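Okay, structure first, notes after.
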Amino acid sequence: MSDSKISEFDIVIAGAGMVGASLACLLAESSLRIALLDREPLTNTGSIAQTERKSEKFDPRVSAISQASKNLFVELGVWQDVVARRVCSYREMQVWDAEGTGSIHFSAADINQPELGNIVENSILTTALQGKLSQYNNLHIVSPFTIESLTNIECDGKHLVQLNSEDGQSIRAALVIAADGANSKVRQLAGFSCREWDYEHQALVTTVRTQHPHCETAWQRFLETGPLAFLPLRVTAHDDDQHYCSIVWSMLPEKAERIMALSDVEFKKELAAAIEFKLGNIEWCDRRFSFPLRQRHAVEYVKDNIVLAGDAAHTIHPLAGQGVNLGLLDARVLAEEIMRGLKAGRSISDPTVLLRYQRKRKGNNLSMMWLMEGFKRLFAEQNLTVRWLRNVGMNSVDKLTPIKNQMIRRAMGLDR
């Protein structure tokens, strides 16, 4: 490998998804030399128009963007691009138990907010972020770059991490940030330890058109086999058609196999019944996808001058849509700590700087993960006494406005 193929930066970010691209934009406000790597080719000049789809076609991968995440996108100057394409605010949330009468209703009006959150297709967010990347002179996009190996080297008295690609390219940096997803190659190569377990559930996702409007409401029913969520969508920025929803249905693998094998007609009937016809019949459905659900959490987020963020550090059950929001909070805090360290005269890979990020985020992420695990286990329990207590508890919390509002503010990221 010749030195002509080696590039050196201050920071290398692996992964140009929502978390990695957001972190790159945050850090690019500094004078640091930053490289953003991704295994997929990026044009760095993406525009909303370039990814326009037919009005009835949606990305099956969507995110429930919290107020804290929206604030971040506003600060980065990309939210207006998202709104120009399409985004659906939801102002209400209805949650109920299929095995009883327990239910909770959340409303943005109760906490004096215009909305509880926004449902956005992942492709729209990443396109808007990638369009922003080209505006920074000190930010270099290197793609496609498939990481094959990782080595620690000493160069001119500096401790650097070198990432080597399959085609012979190498990139060195004083700090490497792994934002390359749940199956992070950087995390694996660096030898981070993780605690992980299989939920023994599959998530089925698709898009549907419903008979009745969703009324800017997120609907979630806890079934015996797993939660089912209807997340509201809009067709275009200028079309207020409220009949499209993104579906996230968590279920046992054997049921997922059966549901995936149904015809569209059979699937629409079963889906409408599963949500108790709250939105009438299902009039149309897009292609269905399913994937296994697994929880994972890195024991440490920092190892020498390598740090984990987003799904590379933690993945949780999608029942509350908090995964990407936790990752975006990671990005914000990590950028804040790096910039704070620079102002104090510390190096970007100073353990004091990186461990401060870990302390601020690890406990928050763990608490949300255990909360989601608790919900999953609680609603999977079919013991009659537990079911009765569960329903009484839901109805009681629904009447305790201060507690309910505190829960929703936490989910929105307003109390971090």
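Phe145 meets the stated requirement of being of a type in the set (Phe, Trp, Tyr), surrounded by 18 or more Cβ atoms within 10 Å (Cβ to Cβ) and outside the structural domain of Pro232 (by TED's automatic domain parsing).
On the given criteria, is Ser22 modelled with pLDDT of 95 or more and not aliphatic (A, V, I, L, M)? For Ser22, the condition - modelled with pLDDT of 95 or more and not aliphatic (A, V, I, L, M) - is met. When restricted to residues that are within 23 Å of Ala108 (Cα to Cα) and crowded, with 19+ Cβ neighbours inside 10 Å, region 192-242 contains 17. If the condition is being in a helix (DSSP H, G or I) and touching a Lys or Arg at 6+ places or on another chain (Cβ under 9 Å), then region 339-359 contributes Arg340, Gly341, Thr352, Val353, Arg356.
I'd like to know if region 37-46 contains one or more residues that are touching a helix residue (DSSP H, G or I) at 6+ places or on another chain (Cβ under 6 Å), within 23 Å of Leu329 (Cβ to Cβ) and at pLDDT 95 or above. So far as region 37-46 goes, no, none of its residues is touching a helix residue (DSSP H, G or I) at 6+ places or on another chain (Cβ under 6 Å), within 23 Å of Leu329 (Cβ to Cβ) and at pLDDT 95 or above. Within region 166-191, residues that are over 17 Å from Ala21 (Cα atoms) reach partners that are aromatic (Phe, Trp, Tyr) and buried (at least 20 other Cβ atoms within 10 Å of the Cβ) with beta carbons closer than 7 Å, at six or more positions or on different chains, in the pairs Gln169/Phe145; Ile171/Phe9; Ala173/Phe9. Looking across Leu223, Leu228, Leu204, Leu271, one residue alone is outside the structural domain of Asp304 (by TED's automatic domain parsing), in contact with a Ser or Thr (Cβ under 6 Å, 6 or more places away or on another chain) and in contact (Cβ under 8 Å) with a residue 24 or more places away in the chain. It is Leu204.
For region 4-11, the criterion of being out of contact with any helix residue (DSSP H, G or I) (no Cβ under 7 Å at 6 or more places or on another chain), among the hydroxyl-bearing types (Ser, Thr, Tyr) and at pLDDT below 95 is satisfied by at least one residue.
For region 151-173, a residue qualifies if it is crowded, with 19+ Cβ neighbours inside 10 Å and within 19 Å of Val307 (Cβ to Cβ), and the qualifying residues are Leu160, Val161, Gln162, Leu163, Ile171, Arg172, Ala173.
Of all residues in region 109-148, those satisfying the criterion of being in contact (Cβ under 8 Å) with a residue 40 or more places away in the chain, over 15 Å from Met18 (Cβ atoms) and of a type in the set (S, T, N, Q) are Gln113, Ser134, Asn138, Ser143, Thr146.
Candidates Leu163, Leu125, Leu129, Leu189: the one that is among the hydrophobic types (A, V, I, L, M, F, W, C) and in a strand (DSSP E or B) is Leu163. Trp79 fulfils the conditions (1) buried (at least 20 other Cβ atoms within 10 Å of the Cβ); (2) modelled with pLDDT under 95; (3) not β-branched (Val, Ile, Thr) except for a single criterion, (2). Restricting attention to region 205-252, the residues that are among the polar types (S, T, N, Q), in contact with a Gly (Cβ under 6 Å, 6 or more places away or on another chain) and over 20 Å from Asp59 (Cα atoms) add up to 1. Here region 174-186 is the region considered, the condition is being buried (at least 24 other Cβ atoms within 10 Å of the Cβ) and not small (Gly, Ala, Ser), and the residue that is nearest to the chain's Cα centre (by Cα) is Asp180.
Considered as a group, the residues in region 166-185 that are of a type in the set (A, V, I, L, M) and not in a strand (DSSP E or B) include one that is modelled with the highest pLDDT, and that residue is Ala179. Taking Ser349, is it among the polar types (S, T, N, Q) and under 26 Å from His214 (Cα atoms)? No; evaluated as a whole, the condition is false for this residue. Kindly establish whether Leu129 is in contact with a Ser or Thr (Cβ under 8 Å, 6 or more places away or on another chain) and either at negative phi or surrounded by 22 or more Cβ atoms within 10 Å (Cβ to Cβ) (or both). It is true that Leu129 is in contact with a Ser or Thr (Cβ under 8 Å, 6 or more places away or on another chain) and either at negative phi or surrounded by 22 or more Cβ atoms within 10 Å (Cβ to Cβ) (or both). Applying the criterion of at least 2 residues that are within 30 Å of Gln358 (Cβ to Cβ) and among the basic types (Lys, Arg) to the strands (runs of 3 or more DSSP E) found wholly in region 195-302 leaves 289-298. Any chance region 240-249 includes a residue that's closer than 24 Å to Lys70 by Cα, over 17 Å from the mean Cα position of the chain (by Cα), outside the structural domain of Leu355 (by TED's automatic domain parsing) and of a type in the set (D, E, K, R)? Yes, region 240-249 contains at least one residue that is closer than 24 Å to Lys70 by Cα, over 17 Å from the mean Cα position of the chain (by Cα), outside the structural domain of Leu355 (by TED's automatic domain parsing) and of a type in the set (D, E, K, R).
The values are calculated or read from the model by the stated rules, or taken from the named source; none is laboratory data. Just so it is clear, the model here is predicted, and its values are computed rather than measured. Neighbour counts run over all protein chains shown; Cβ positions are idealised from the backbone, glycine included.
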